[in-house]
Amino acid sequence: MSDAPRLVQAFADHLRRDRRRSVHTVRAYVATAERLADFLRGHGTDLRDIDLADLRAFLTFRRGDGIGNASAARELSAVRAFLDFAGVEVPRMRGPRVKRGVPRPVSPAEAVALAEDVAEEREGWTGARDLALLLLLYGAGLRIGEALGLTGAALPLGETLTVLGKRQKTRMVPLLPQVREAIDVYVSACPYPPARDLALFRGARGGPLEPSQVRRAVRRARARLGLSDRTTPHALRHSFATHLLGRGVDLRALQELLGHASLSSTQIYTAVDAAHLLDVYRNAHPRA
């Protein structure tokens, strides 16, 4: 299909502008569209003529790259979205079965210990920054991208914080006094004055703090503390959800706090809570 590059670019624009997908989703879906176009071109097949055999051959080709069931399912989802956008009839094909894992929450003590250990590794204002950031992830249930997307416009802090989530949707989350205090301490210590149009959490040279820097710091801290490999910045968000659910917050309220588009995304935390209660039962009940 000679106009495939133009079509892929239009697909990218559609995802960003019309569907309001995140940068990461756009990047992943566009990469899949490009791979599909290259694969079909190499086999002399026009995109408009794709059939079930072609689709199966493409996924087999991707399996050869070493992807598992979850990645294959995402690849198929991206292919369907691209073909639908291109006005091509999508061959009906059942995707690979993906076992949905239950998030592993971090205990409150572990969450605070992790944040403090990461902060102690740094010196000066960057330590205060890391403490504030990790307490924010745990205390407000933010995704790391949401936290790093905050700007100086969030200041001065109040009892709630407006967060820009996936698909450009905003939501309000409550801020614990301890989290507000930690952020205020960081802002006071930061050598770069806050600005409404600049990142709230700055890197050492004043630019936006990168997620990879946070993840590396957390990996080092969890090794020092002997915590599970599942203890990641995102695990702090899981812990926020699990602990609220355990204290009686209903699923609809939790859905709003987390910024989930559908209730089914939030319902996974009921499995976490049930697993936690079962552990407590087994450890405490004399006949368990």
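The values are calculated or read from the model by the stated rules, or taken from the named source; none is laboratory data. Quick caveat: nothing in here was measured; it's all calculated off a predicted structure. As a convention, Cβ positions derive from the backbone with ideal geometry for all residues, glycine included, and neighbour counts pool all protein chains shown. All accessible areas refer to the heavy atoms of the entire protein, side chains included, with ligands and DNA or RNA removed. Shrake-Rupley method; radii C 1.70, N 1.55, O 1.52, S 1.80 Å.
Here are some notes:
- Whole-percent carbon and sulfur share, accessible surface of the stretch 1-146, 1.4 Å: 48
- Taking the stretch 47-80 and a reference point 7 angstrom along Cα→Cβ of residue 229, the backbone N atoms nearer than 18 Å belong to 67-71.
- Total formal charge among the other residues, if their Cβ is under 10 angstrom from that of residue 120, Lys/Arg +1 and Asp/Glu -1: -3
- Residues whose placed amide H lies under 5 Å from that of residue 151, excluding near-sequence neighbours: 200
- Computed about its Cα centre, the charge dipole of the stretch 95-218 is approximately 980 debye, with only Lys, Arg, Asp and Glu carrying charge at their Cβ.
- Rounded to the nearest Hz, the phi-derived 3J(HN,Hα) couplings of the stretch 120-135 under the Karplus curve 6.51 cos²θ - 1.76 cosθ + 1.60 (θ = phi - 60°) are 5, 6, 8, 10, x, 5, 5, x, 5, 4, 5, 4, 4, 5, 5, 5, where x marks glycine and proline.
- Sequence ranges 84-94, 155-165, 214-224, ranked by mean other-Cβ count within 10 angstrom, highest first: 214-224, 155-165, 84-94
- Each Lys or Arg adds one and each Asp or Glu takes one away; over the other residues whose Cβ falls under 11 Å from the Cβ of residue 143, this sums to +1.
- 3J(HN,Hα) along the stretch 151-160, derived from phi through the Karplus expression 6.51 cos²θ - 1.76 cosθ + 1.60 where θ = phi - 60°, amounts to 10, x, 5, 6, 8, x, 6, x, 7, 10 Hz, with x in place of Gly and Pro.
- Here the stretch 169-220 has 55 percent of its accessible surface on carbon and sulfur atoms, given a 1.4 Å probe and all protein chains in place.
- For the stretch 226-234, putting each phi into the Karplus relation 6.51 cos²θ - 1.76 cosθ + 1.60 with θ = phi - 60° gives couplings of x, 8, 5, 5, 7, 7, 10, x, 6 Hz, in residue order, rounded to whole numbers and with x for Gly and Pro.
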